[in-house]
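These notes are about the structure you will find just below.
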Amino acid sequence: MIKYLSLAGLFLMAGCNSTSKTTTSKDSTTTSSDPVVYAATITESELKEHLYTYASDEFEGRETGTPGQKKAVNYLRQHYMDLDIPAAKADGDYFQIVPLEMAKLPDGSMSINGKEYSLGEDFITFTPLEGEFKEVVYAGFGIDEPEYSDYTGLDVRGKVVLLKAGEPVNEDGTYVLTGSDKKSSWGNMSEGPDKRLKAAKARGVKAILYVDSDNFQRYERYYKRMKSNDRGRLGFKTDADNPALILVNDGIATAIFPKLKDLKGTFVQETDLVAALESSNEPISTENVVAYIKGSEKPDEYLVISSHLDHIGVSKDGSINNGADDDGSGSVALLEIAEAFQTAVEAGQRPKRSVVFLHVTGEEKGLLGSRYYTDYDPVFPLEQTVANLNIDMIGRIDPNREGDRNYVYLIGSDKLSSDLHQLSEAINEKYTNIALDYTYNDENDPNRFYYRSDHYNFAKNNIPIIFYFNGTHADYHRPGDTPDKINYDLLTNRTRLVFHTAWAVANRNERVAVDKMSK
């Protein structure tokens, strides 16, 4: 994840829930319409065997673009080839190339009306900006929607705009965009900056000065970590065409607009702003791994099951961050789920819908691999993607959680589809009896896990999602996250839960209904 039942009980349950079936060993023919038979192919021994390889020192922590990450993608590809599960891409290549570049932190300064301001203290940015600007346009919240736009009547092409966080509120206290007491995504600290960036780009804005005290503190910490590590920031090559996004403190904001708090509407202020922020970029080679099983009745509808293949690599002192839980556990779970589906196919039980097995790169660098899949190059159409089940850390136990160890945190299942949420609950009750914990599903959860793993890039496109997660622990993003600390009985049962849910979504008559929309 990006930083910031016993077996005996299972087999007893399989006996109680099974319909008529014929099965011998795992390597021989299995015939059944009951998914319990195929779920039983997901075993502790195979998960353990995979993980002791995938999270070994040989893979060097799988940091995006490194030789260790290349070993990881080759391992995943070989598994799908061995299972005879085809590549998802039409050209037969399991690798979806994700064109990234490493941008070093910018260096330089910015002055306003002759006063120089300090990068890393007065303002934070990860993007270069050079030039002299004679005015700054205040464009309120920077919202641009058909029913409400802060850009109405403004010419901002090639200009610097100053925007503030939040969104407009009616006199009765409800939000203008939603007409309720619930914020829109524009008012969300995780989604808001990206939406403003896209809106500004569409309007031809050169740079954004963004006033957001919460995000300023958040990105200030991130900036200082990057500076101390002397590492750059990975992003897409096309991001260079975006406006420069500069988070500014109140001092800069009021230096330009002294009466900022009292401003209503929009305003143009003559300002002598000089920016000399330079950076250098280098291309980084990395890839997603995408395989799929074609559906029998609804082949043009797709269920995507995902996990991220990368981790954070080697520490400055040479310690390897193996990432056994994060997200080795999700990666090997996805391999076993794929094998269970393929076993069903070989027994004549092909899923009705197509099932896509998506291992994404660059999650630890900002959900980059999944964002590339959804925003740049979907292998299959997003409008035909019925759901995303995302697995990120399911092999350990959260030390802060009280109660039964046989649990898993579920996040997002009810955000877009009450249908998917109810299906998930019913499937768990029928097959796995795991305590489903919704602690981190709370919209006000300060950890904001909903926005910190790859399902989010599907959710923002109004695709129903479920995020499976065991919570963090003392070894999170540390060298201690090793395969010997995984609870393989829990990993097995949690993996089976994802498989059973996927089986139900892929084989039900109607696609999962979206009855809530992200705005």
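Restricting attention to the range 63-89 and to residues that are touching a Ser or Thr at 6+ places or on another chain (Cβ under 9 Å) and under 13 Å from SER331 (Cβ atoms), the residue that is surrounded by the most Cβ atoms within 10 Å (Cβ to Cβ) turns out to be ALA72. Considering ASP262, ASP272, the condition of being modelled with pLDDT under 95, over 33 Å from the mean Cα position of the chain (by Cα) and surrounded by fewer than 21 Cβ atoms within 10 Å (Cβ to Cβ) is satisfied by ASP262 alone.
Need a quick list: strands (runs of 3 or more DSSP E) entirely within the range 101-152 having at least 3 residues that are surrounded by fewer than 19 Cβ atoms within 10 Å (Cβ to Cβ).
Numbers: elements: 107-112, 115-117, 123-125, 129-138.
Because the criterion is at least 3 residues that are surrounded by fewer than 19 Cβ atoms within 10 Å (Cβ to Cβ), the strands (runs of 3 or more DSSP E) in the range 101-152 that meet it are 107-112, 115-117, 129-138.
Of the residues that make up the range 68-89, is at least one of a type in the set (Asp, Glu) and either part of a strand (DSSP E or B) or under 22 Å from ASN215 (Cα atoms) (or both)? Checked against the condition, which is being of a type in the set (Asp, Glu) and either part of a strand (DSSP E or B) or under 22 Å from ASN215 (Cα atoms) (or both), the range 68-89 yields no hits at all. With the condition kept exactly as written, say whether any residue in the range 354-369 is among the polar types (S, T, N, Q) and closer than 21 Å to LYS298 by Cβ. Checked the range 354-369: at least one residue is among the polar types (S, T, N, Q) and closer than 21 Å to LYS298 by Cβ.
Answer with yes or no whether GLY173 is part of a loop (DSSP other than H, G, I, E, B) and either touching a strand residue (DSSP E or B) at 6+ places or on another chain (Cβ under 9 Å) or aliphatic (A, V, I, L, M) (or both).
Numbers: part of a loop (DSSP other than H, G, I, E, B): yes; either touching a strand residue (DSSP E or B) at 6+ places or on another chain (Cβ under 9 Å) or aliphatic (A, V, I, L, M) (or both): no.
Taking the combined requirement at face value, the residue does not satisfy it.
Across the range 377-393, the qualifying residues are those that are part of a loop (DSSP other than H, G, I, E, B) and out of contact with any Asp or Glu (no Cβ under 6 Å at 6 or more places or on another chain), and the one among them that is surrounded by the fewest Cβ atoms within 10 Å (Cβ to Cβ) is PRO381.
Here is the figure for the range 202-216: residues that are closer than 20 Å to GLU364 by Cα and either among the hydroxyl-bearing types (Ser, Thr, Tyr) or exposed (fewer than 15 other Cβ atoms within 10 Å of the Cβ) (or both) total 0.
The values are calculated or read from the model by the stated rules, or taken from the named source; none is laboratory data. Note that this is a predicted model, so its numbers are computed, not measured. Cβ coordinates were reconstructed from backbone atoms using ideal geometry, including for glycine residues, and neighbour counts include every protein chain displayed.
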